[in-house]
1. Starting from residues that are part of a helix (DSSP H, G or I), without any contact (Cβ under 8 Å) to a residue 24 or more places away in the chain and not aliphatic (A, V, I, L, M), keep the ones in the stretch 95-114 and report whichever is farthest from residue 140 (Cα to Cα).
2. Only one of these is among the β-branched types (Val, Ile, Thr) and under 30 Å from residue 251 (Cα atoms): 96, 81, 132. Name it.
3. Only one of 812, 820, 762 is closer than 30 Å to residue 725 by Cβ, surrounded by fewer than 16 Cβ atoms within 10 Å (Cβ to Cβ) and among the basic types (Lys, Arg); which?
4. Sort through 713, 708 and tell me the only one that's touching a Phe, Trp or Tyr at 6+ places or on another chain (Cβ under 8 Å), assigned to a helix (DSSP H, G or I), modelled with pLDDT of 90 or more and crowded, with 22+ Cβ neighbours inside 10 Å.
5. Could you look through the stretch 642-668, keep only residues that are surrounded by 23 or more Cβ atoms within 10 Å (Cβ to Cβ) and among the β-branched types (Val, Ile, Thr), and pick out the one that is farthest from residue 632 (Cα to Cα)?
6. With respect to residue 469, is the statement that it is at pLDDT 85 or above and surrounded by 19 or more Cβ atoms within 10 Å (Cβ to Cβ) true?
7. For the stretch 368-394, what are the residues that are in a helix (DSSP H, G or I) and either under 19 Å from residue 280 (Cα atoms) or of a type in the set (Val, Ile, Thr) (or both)?
8. Can you tell me which residues in the stretch 593-630 are among the basic types (Lys, Arg) and surrounded by 15 or more Cβ atoms within 10 Å (Cβ to Cβ)?
Amino acid sequence: MDFGVLGAVTVDGTTIPAGKQLSLLAVLACHANRPVSGDALAQAAWPSAAPSPSTFRWHLHRLRAMVGDRLVRRGGGYMLIVADDELDALQFTQLIQRAAAEPAERALPLLDQALALWRGAPYGGVHDLEEIKVEAAVLQEARLGAIEARAKALMLLGRFAECAGDMATAVAEQPLRESFIELWLRALAAAGRPAEALRLYGQTRAKLVEELGVEPSGPLRRLHEELLRHDPAPRLLPPDVHAFTGRTKELAVLDRLLHGPANVAVISGVGGVGKSGLALHWAHRSSGHFPDGQLYADLGRYPATDVLPRFLAALGVILIPEDHTARIVLYRQVLAERRMLIIVDNAPGSVHVEPLLPGASGCVTVVTGRSRFEKLVADCGALPIRLDVLPPADATLLVSRIARIEPGHAAPLVELCARLPLALRVAGARLVTRPGWTPEILAARLTEERRLDELRVGELDVRAGLEAGYQDLPDVERALFERLGLVPVPTFTAWMAAALLAVPVSAGGDLLERLAERQLLQPEGLDVAGQERYRFHDLIRLLARERAGSGPVQDSVRDRFLSCLLALAKDACEREYGGGFRLLDSGAPHWRPRGRVLPDEPMAWMAAERETLIAGIRHAAERGYAAMCWDLALAGVRLFEIHGQFVDWEQTSQLALRVCRDHDEMQGVGAMLASLCAVEAFQYRHEKVLALAEEALPLLGESSVKALTLANLSAAELALGGAEAALAHLTQAVSMAAGVGDALSEAVLLARLAPLDGGDPRPMLDKAMKLAAGNPRMSLLISLSDLHTAVRAGRHADAETLSTRLLDDARRYGDRVLERVALCLRADSLTALRRPAEADACLRRAHELAVIQNVPMEARRISAVLEAQRPLPAEGLSAHEPRVGASPDSSRLPGPDGDLTRS
């Protein structure tokens, strides 16, 4: 039900005729959702004499027939119940409150919606009730405030002519409201009609003197003085940017300068990202707020010492001091009583801007440049705005507007231009000035080798824009910038810079930060290992590659980087496993930087460097470094197996295997076959495990890798029905691990052998736990064997307790595969303990992990159990083993009837 009071009083659009019901409803609506005493209602409807109780009740009954159950008794009185969106006065109040908290572009539609609710004088038809008169006056004043707020929003958006027209209507309604008059005159002046504003000021003054006997207020008189000023206000802004697109959030931040307390903003970003365009567009949009004018200086062309005299001359100063300090003092004195906007474009740094900062709080300064202007942020409270490339939709729209084509046709160019506004503008300009070209033709020309050459038209040159920061670099920073272009990794850290320059890690971090300060790198924040990471903008990466060049020096830099990556990756594995699960040694060179790189949790470093590791493996393959390639791939498996990143594992091992075959690197062939054997085992592809193990084992010497490959072979044989061969191969694996002195491999393999040996598994499990003592990861795997044994033995209460602890540890460690297996085992126990809802939750999480890890056979198995709503047989301990460890199915045990069953 809708109630209206912003005009004639209505219910569901029907006007209530004059009478007692109208008076009663008006008072109740005035106090909506609050009780009104019967005496107050009677006084409102019968001001001269109180009605009889029956008369009062009869009129209330008639009113209830109009409004239904919205009229209720409350605490001896009566109350009209309405929702916020059912009473137009409440809607109006909420809309103007919301508008007050929004920037101009979002406030305007809210104010329009609020003002559209008005149909006339509030509470129309109710003229003789004092409290209604007061409420109507309050609502009328709120409406006038909304009209004023709407006019200010129009001014903020640069819609001066529209504002002038609206305020002419408003002044006609309220001819003596000076705030309306001031807004009208300011809008006229900003719209280029100052003479008309002066004439209307004269008429306003005459009316105030004649009707009220007073002069205009201070703000109106000051406006008049501004309009009368003989010398026009300096307006030095260059033209607005054509087809300005997007940047809504950044414009909203700049709008905060109009209302204080901050009066400085700094816009930073890479060359060509649109810093100047944003500043100029906002300056033109907001020019009406700066009646004393706007100043502009490009510090990329002129130093501040040359800019100050020009500013002083524009401000009307005839005798300009020779002394630079005296000029600064005079400049600030001249601006002290003015409200002006100062744009300082392409500033090299804070120190170059400080002489041009006014001392007056009424002035606003916007600074652009590659620097982050941290001193201005700290000393002046400047609002920092860091520009990034445009979002895809805005980037597409910008090209389409420049090239005058449909947005869909512009899409192929957006990513080739890396969504950099300057590059997008160049691409659009090339299309519009070459009628025979299509977006597809230009896209074909924007190959990586030619892209920066093609992104140039007239004076617009993307390469030149990006190079501006590069040209001023000191030698060591320039060398690092170029060498970063040599390595195909997505992000950079201090150890990488150290490897590229052969300097300490701390020095490498400092140099990266300096490149970030010059906007040649973009900071990405801290990674999971606590390292600060940096990224190239795509087009800046092309520039770095260009400048890096090629030759023996560049090759040696790349080689040192790969050698450092290999050394750190193997150090991480060594520290994580304390010498266990020994990797093979390819003989590839190792290079270690000076300073600490690995954190206390070395696998966190491996996780942080996952993309780096994959890129390093590919780069080694491209350069034909077979030994380096397979050694890096083998080290990477330690990471991939923990997080279940089986796609990465398989792809990098396959790549390294091809390179090793091409270069007759037989040790690497054996290592990569063993690695692929393990990843197939993790995914339950048993026939492939058999084939790969058969090919790998003759190429492997006595080693942990061979022992673990034998365990994978054992697991596949067990899954395919060869229990006797499986037991023999697993026994051989345990013996080999012990023979090479790898206690951790021996521990895990013993835990795998314990349930297959036919006797009490406890002694073997205890020995395995003793061998694994002190290594959290290995202890987790042995605990998983313990859980597996408990489930198989039917000790489900013990298993439930064990699985709770094991899952906590696995999640803390980040072992997603072990978590999946433990969830399946826990589901078995919970089902046996008659807790089906908890078992179901475990299975759903396990299914989610199987999908993420790309183990479709396991995902299908869990789905089938969930659909059938029956207990899930767990794949067991084997679903998670080290890099070339035993297969997931090695935990299958002979059941009471001799069949192979999953515990």
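1. Of everything passing the filter in the stretch 95-114, 106 is farthest from residue 140 (Cα to Cα).
2. Among 96, 81, 132, only 96 is among the β-branched types (Val, Ile, Thr) and under 30 Å from residue 251 (Cα atoms).
3. 762 is the lone residue from the list that is closer than 30 Å to residue 725 by Cβ, surrounded by fewer than 16 Cβ atoms within 10 Å (Cβ to Cβ) and among the basic types (Lys, Arg).
4. 708
5. Among those that are surrounded by 23 or more Cβ atoms within 10 Å (Cβ to Cβ) and among the β-branched types (Val, Ile, Thr), it is 642.
6. It is false that residue 469 is at pLDDT 85 or above and surrounded by 19 or more Cβ atoms within 10 Å (Cβ to Cβ).
7. Within the stretch 368-394, 377, 394 qualify.
8. Matches in the stretch 593-630: 610, 618, 623.
The values are calculated or read from the model by the stated rules, or taken from the named source; none is laboratory data. This is a predicted model, so every value here is computed, not measured. Positions of Cβ are backbone-derived with ideal geometry, glycine not excepted, and every protein chain shown enters the neighbour counts.
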